[in-house]
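This report concerns only the one structure given below.
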Amino acid sequence: MRERELLQSIYKNASLSSAIRLGPGDDMGELMIGNQRILCSVDQLIVGTHVTLETPPTLIGRKAIARCFSDIAAMGATPVGSLMTACLPSEVTNSWCNEVFSGAKEVAEKWGGPIFGGDIASTDRTAVFTVTAIATPGTQSVLRTGAQNGDYICITGQLGNSIAGHHLSFTPRIKEAQELLKTLGSDLHSMIDISDGLGQDASHLTSESLQLVIDTDLLPLREGATVEGAIGDGEDYELLFTCAVKPPSHLATVIGRVEFGEGTVLTTAGNDISTCGWVHT
């Protein structure tokens, strides 16, 4: 299974109603309910893939919510609520499950998107938790498309070595995204959250005529991280965005520029890093 090819084939002949304002291809979909714009996204957390069997259950629940709420941040949106499902092997205890849901419930409420429903099923394999997040957009939804020639490429926070603990403790950059929107306004052109790796996720901001050129000397590295890890490790859940003017330094770091090109992500040394990151196969 190759994720991108599979998604493209699924979406190729999708029939969308007029109520759907933004379909597949971004961090969230958008639909109209009456006069209200609503954003939705869904994400899964698989025990054994995104966390280990030894991960404290409260942190499993926390990460399940945080992963999905990071999509809300990437759109510059505000959480409203969330749904959570669980597919559980028979050997797990109710105590373990309660701790997972306790961790999820706590942060969902803290970040403004409380859990208001879900479902539980059984499996003979590993535990899987699915979260659907619902949010409202601001005056504009910040899409993955929209980068312009000459834009600054910017990143919130630090990159690399997330496995040391960041991937379990990060807070989705919802407040930072809203502050960026308030500060930059229409000069904020495109945005995505980094989950699969800087190189691969940056490729979603390119177009047929635009490329991203990143100066690896400018990458803000997390303690213990290498440049290679910052480019390809993933699980950072920081915001990568392009904008016409430099953002405030307390919000983000400039790491490159958008230039005319052939839809690749390059380093200033000329290396193509478009495929550096996690690939679902």
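Across the range 248-263, the qualifying residues are those that are in a loop (DSSP other than H, G, I, E, B) and either of a type in the set (Gly, Ala, Ser) or touching an Asp or Glu at 6+ places or on another chain (Cβ under 7 Å) (or both), and the one among them that is nearest to Tyr152 (Cα to Cα) is Ala252. Here are some residues: Thr49, Thr85, Thr55. Which one is part of a loop (DSSP other than H, G, I, E, B), assigned by TED's automatic domain parsing to the domain that holds Lys105, at pLDDT 95 or above and surrounded by fewer than 22 Cβ atoms within 10 Å (Cβ to Cβ)? Of Thr49, Thr85, Thr55, the one residue that is part of a loop (DSSP other than H, G, I, E, B), assigned by TED's automatic domain parsing to the domain that holds Lys105, at pLDDT 95 or above and surrounded by fewer than 22 Cβ atoms within 10 Å (Cβ to Cβ) is Thr55. How do the pairs read when you match residues in the range 35-50 that are under 18 Å from Trp96 (Cα atoms) with residues anywhere that are basic (Lys, Arg) and at pLDDT 95 or above, using Cβ under 7 Å and keeping only pairs 6 or more apart or on different chains? Taking only residues 6 or more apart or on different chains, the pairs are Leu45/Lys63; Leu45/Arg67; His50/Lys63. Exactly one residue among Thr267, Thr281, Thr206 is more than 20 Å from Gly165 (Cβ to Cβ), of a type in the set (Val, Ile, Thr) and modelled with pLDDT under 95, and that residue is Thr281.
Consider the range 143-175 and keep the residues that are aliphatic (A, V, I, L, M) and outside any loop (DSSP other than H, G, I, E, B). The one that is nearest to Gly103 (Cα to Cα) is Leu168.
Against the definition (touching a His at 6+ places or on another chain (Cβ under 8 Å), outside any strand (DSSP E or B), buried (at least 16 other Cβ atoms within 10 Å of the Cβ) and of a type outside the set (Phe, Trp, Tyr)), how does Ala108 come out, yes or no? Walk me through it before giving the result.
Details: touching a His at 6+ places or on another chain (Cβ under 8 Å): no; outside any strand (DSSP E or B): yes; buried (at least 16 other Cβ atoms within 10 Å of the Cβ): yes; of a type outside the set (Phe, Trp, Tyr): yes.
Here the answer is no, as Ala108 does not meet what is asked.
As for the range 198-209, it holds at least one residue that is among the polar types (S, T, N, Q), under 25 Å from Gln44 (Cβ atoms) and in contact (Cβ under 8 Å) with a residue 12 or more places away in the chain.
Taken residue by residue, the range 73-82 has no member that is part of a loop (DSSP other than H, G, I, E, B) and β-branched (Val, Ile, Thr).
Identify the single condition in (1) in contact with a Phe, Trp or Tyr (Cβ under 9 Å, 6 or more places away or on another chain); (2) assigned to a strand (DSSP E or B) that Leu266 does not satisfy, given that it satisfies every other one. With (1) in contact with a Phe, Trp or Tyr (Cβ under 9 Å, 6 or more places away or on another chain); (2) assigned to a strand (DSSP E or B) applied to Leu266, the lone miss is (1). Exactly one residue among Ala77, Ala104, Ala73 is under 30 Å from Thr242 (Cβ atoms), of a type in the set (A, V, I, L, M) and touching a helix residue (DSSP H, G or I) at 6+ places or on another chain (Cβ under 7 Å), and that residue is Ala73.
Considering only the range 133-142, I want to know if a residue exists there that is assigned to a strand (DSSP E or B) and among the small types (Gly, Ala, Ser). There is at least one residue in the range 133-142 that is assigned to a strand (DSSP E or B) and among the small types (Gly, Ala, Ser).
Within the range 111-129, how many residues turn out to be in a strand (DSSP E or B) and surrounded by 12 or more Cβ atoms within 10 Å (Cβ to Cβ)? Residues that pass the stated criteria total 6. Of the residues making up the range 105-120, none is out of contact with any Pro (no Cβ under 6 Å at 6 or more places or on another chain) and either among the hydroxyl-bearing types (Ser, Thr, Tyr) or not assigned by TED's automatic domain parsing to the domain that holds Ile46 (or both).
The values are calculated or read from the model by the stated rules, or taken from the named source; none is laboratory data. Computed from a predicted model, the values in this text were never measured in an experiment. With ideal geometry, Cβ positions are generated from the backbone for all residues, glycine too; neighbour counts draw on all protein chains shown.
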